[in-house]
Amino acid sequence: MSDKKFVTALNCMDGRVQYPVLKWLMENLGADYVDMITEPGVDKIFCECREELLQSVKQKISISIEKHNSNTIAIVGHHDCAGNCVCKEDHYKQVEISVSEILKCYPTVRVLGLFVNKDWAVEVIRDTALLSVS
């Protein structure tokens, strides 16, 4: 494996959010590559507990972690999502729940909760690297 840095993004399939998320992850995390795992309304998947879909997403995350040495997973919600038509506040709640659920499955990785707003800018909802250690 090369010395290039991979991160993993669980992003909506909506093409409008692909570039803002990719750009943000590369600029803010120094990622060389982003393994993009897309599903419509991906931020609701960890809230709905649809086991078959959850297992599919987890399998893809595992490939990114094991084969590309990704140590960061970003879960993304976004404005005007056709696959998850909820208000911004509900997206924020779903992203928060998703971050917690992802951490249960992958406790050694950094997990980011992101939201792409109406201006197509990335907002950080949660970053587990910023948790205080007591």
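The values are calculated or read from the model by the stated rules, or taken from the named source; none is laboratory data. Please read these numbers as outputs of a predicted model, since none were measured by experiment. Glycine also receives a Cβ, built like all others from the backbone with ideal geometry; neighbour counts cover every protein chain displayed. Surface areas here come from the heavy atoms of the whole protein model, side chains and all, with no ligands, DNA or RNA. Shrake-Rupley method; radii C 1.70, N 1.55, O 1.52, S 1.80 Å.
Within region 68-113, the set of residues being basic (Lys, Arg) and touching a residue at least 24 places away in the same chain (Cβ under 8 Å) comprises Lys88, Arg110. Only one of the numbered conditions (1) surrounded by fewer than 16 Cβ atoms within 10 Å (Cβ to Cβ); (2) over 17 Å from Met13 (Cβ atoms) is not met by Leu112, and that is (1).
Selection of first residues in region 24-41 that are of a type in the set (Phe, Trp, Tyr) and of second residues that are surrounded by fewer than 17 Cβ atoms within 10 Å (Cβ to Cβ), restricted to Cβ pairs under 8 Å at least 6 apart or on distinct chains, gives the following pairs, ordered by first then second residue: Tyr33/Lys4. Considering Ile75, Ile37, the condition of being touching a Ser or Thr at 6+ places or on another chain (Cβ under 6 Å) and closer than 19 Å to Arg16 by Cβ is satisfied by Ile75 alone. In this structure, does Trp120 turn out to be in contact (Cβ under 8 Å) with a residue 60 or more places away in the chain, part of a loop (DSSP other than H, G, I, E, B), out of contact with any Leu (no Cβ under 6 Å at 6 or more places or on another chain) and open to solvent by 30 Å² or more (accessible area, probe 1.4 Å)? Judged against the criteria, Trp120 is a match.
Those helices (runs of 4 or more DSSP H) of region 14-79 in which at least 1 residues are touching a strand residue (DSSP E or B) at 6+ places or on another chain (Cβ under 9 Å), among the hydroxyl-bearing types (Ser, Thr, Tyr) and surrounded by 22 or more Cβ atoms within 10 Å (Cβ to Cβ), considering only elements entirely within it, cover 51-68.
For (1) modelled with pLDDT of 95 or more; (2) within 17 Å of Cys105 (Cα to Cα), each residue gets a yes or a no:
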| residue | (1), (2) |
| --- | --- |
| Ser2 | no, no |
| Asn11 | yes, no |
| Leu25 | yes, no |
| Asp35 | yes, no |
| Cys47 | no, yes |
| Ile61 | yes, yes |
| Gly77 | yes, no |
